[in-house]
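Remarks on the structure that follows.
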Amino acid sequence: MARQLGHTIIEPRPALTPLVASDQWVKPLQGVSLENIKIQALPDPRLEQTGELLFTHFGISGPAVLNLSSWLGSRTGYPVKVKIDLFPSLSNEQLAERLRLCFRQNAGKLLKNSLSELLPRRMIQAVLSIAEVSPDKQVDQLSRAELLRLTHTLKNIILHIKGTRPLNESIVTGGGVSTAEINPTTMESKIVKGLYFAGEIIDVDALTGGYNLQIAFATGYLSGAGAASIS
Ligand SMILES: Cc1cc2nc3c(=O)[nH]c(=O)nc-3n(C[C@H](O)[C@H](O)[C@H](O)COP(=O)(O)OP(=O)(O)OC[C@H]3O[C@@H](n4cnc5c(N)ncnc54)[C@H](O)[C@@H]3O)c2cc1C
């Protein structure tokens, strides 16, 4: 309807949406949740989020992923590679030292049974497979090269994101009526007098944290007040 009245519509797209990965190793991790990870867009490392990530049957979700998706949709597009750092607060050296300590405490045990204080069990299998380190190796027999590979993997897991879940599964819709055609102090259309816009129909969206509801409340208040003032 807004288009028919002459407004420019920025193509609607899922924002704050789970991401679909093409990597097959993700599927068995469905339900695994990781806290305090860092996820970063490889084409633009400035696009990064820290927080919780949840593996699903199609890819990844969780607060850090939803927020990153907001930027990917508008800045990089899809497909896109993302990097997950499972220990963002530790440098490579600190993480290697943490692993050495863990292995000393688990001397004689198999690798797959020695990392449970650092990672969820199902994640251990995935990480060892990506690092190409045998899960059935004793921790004492790990070579320096294998330790370095494991350390590197824990801080550099690459996921190939082919797209998002559909609009009806996203928390917010990006795109909508162009803000250039709306008076920001009244929310009245600059094209059609007496037409007001509020909420997600406008080309505005934000990260999680209540900002999208704030957009809806603030624009709703202004447009309601504006419409009520028409005599
Ligand atoms: C699961 C979920 C969790 C969320 N959590 C948060 C959060 O924690 N914090 C946050 O800030 N944002 C959150 N959001 C986003 C936030 O809810 C929306 O951005 C906000 O509600 C948008 O308000 P709106 O009025 O534009 O649209 P809506 O809230 O979608 O309201 C549109 C209304 O219009 C009605 N409608 C549609 N078509 C017609 C029609 N033809 N005629 C009459 N009525 C119609 C609909 O039934 C609906 O009631 C969440 C969204 C979802 C889906």
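The values are calculated or read from the model by the stated rules, or taken from the named source; none is laboratory data. Nothing here was measured: the structure is a model prediction, and the numbers come from that model. Every residue, glycine among them, receives a Cβ derived from its backbone with ideal geometry; neighbour counts consider all protein chains shown. Note: areas computed on protein heavy atoms with side chains; ligands, DNA, RNA excluded. Shrake-Rupley method; radii C 1.70, N 1.55, O 1.52, S 1.80 Å.
So, for the chain, what is the accessible surface per residue at a probe of 1.4 Å, expressed in square angstrom?
In whole numbers, the chain has 51 Å² accessible per residue.
How large is Rg/Rh for the chain, to two decimals, with Cα atoms and a Kirkwood Rh?
Radius of gyration relative to Kirkwood radius: 1.15.
Report the dimensions of the range 47-180 along its three principal axes from the alpha-carbon atoms, largest first, rounded to Å.
Computed over the Cα atoms, the extents are 64, 28, 21 Å.
Quick one: which of 155-161, 102-108 comes out on top by average Cβ neighbours within 10 Å, and what's the full order, highest first?
155-161, 102-108
For the chain, what is the calculated [θ] at 222 nm in deg cm²/dmol (nearest 500), taking -39500 (n - 2.57) for each run of four or more DSSP H residues and dividing by its residue count?
-8500 deg cm²/dmol
Quick one: check the C-alpha center-to-center distance for the range 78-145 versus the range 23-55, whole angstrom.
17
Can you tell me the equivalent ellipsoid semi-axes for the range 44-95? Use √(5λ) from the Cα gyration tensor, largest first, whole Å.
Three semi-axes, in Å: 21, 14, 10.
Averaged across orientations, what area in nm² does the convex hull of the alpha carbons in the range 120-231 project?
Details: hull surface 45.0 nm².
Spelled out: convex hull of the Cα atoms, projected over all directions, averaged, 11.2 nm².
Which FRET efficiency value, to the nearest 0.05, is calculated for Ser143 and Ile10 with the Förster distance at 45 angstrom and r the Cβ-Cβ distance? It would help to have the intermediate numbers written out before the result.
Details: r = 54 Å, r/R0 = 1.19.
With R0 = 45 Å, the Cβ-Cβ based efficiency is 0.25.
Going by average Cβ density within 10 Å per residue, which order do the peptides 69-81, 14-26 take, highest to lowest?
14-26, 69-81
Keeping the other protein chains in place, figure out the carbon and sulfur percent of the accessible area of the chain, with a 1.4 Å probe.
Answer for the chain is 54 percent, counting heavy atoms of protein chains only.
Extension gain Arg3-Trp25, at 0.36 nm per residue separation less the Cα-Cα distance, in nm?
Going from the current span to full extension adds 3.6 nm.
Among the listed pairs Lys81/Lys190; Lys83/Lys112; Lys38/Lys190; Lys27/Lys137, give every one whose C-alpha distance is greater than 31 Å. Provide the component values of the computation, followed by the final result.
Details: Lys81/Lys190 40 Å; Lys83/Lys112 23 Å; Lys38/Lys190 42 Å; Lys27/Lys137 25 Å.
Long pairs (Cα-Cα over 31 Å): Lys81/Lys190; Lys38/Lys190.
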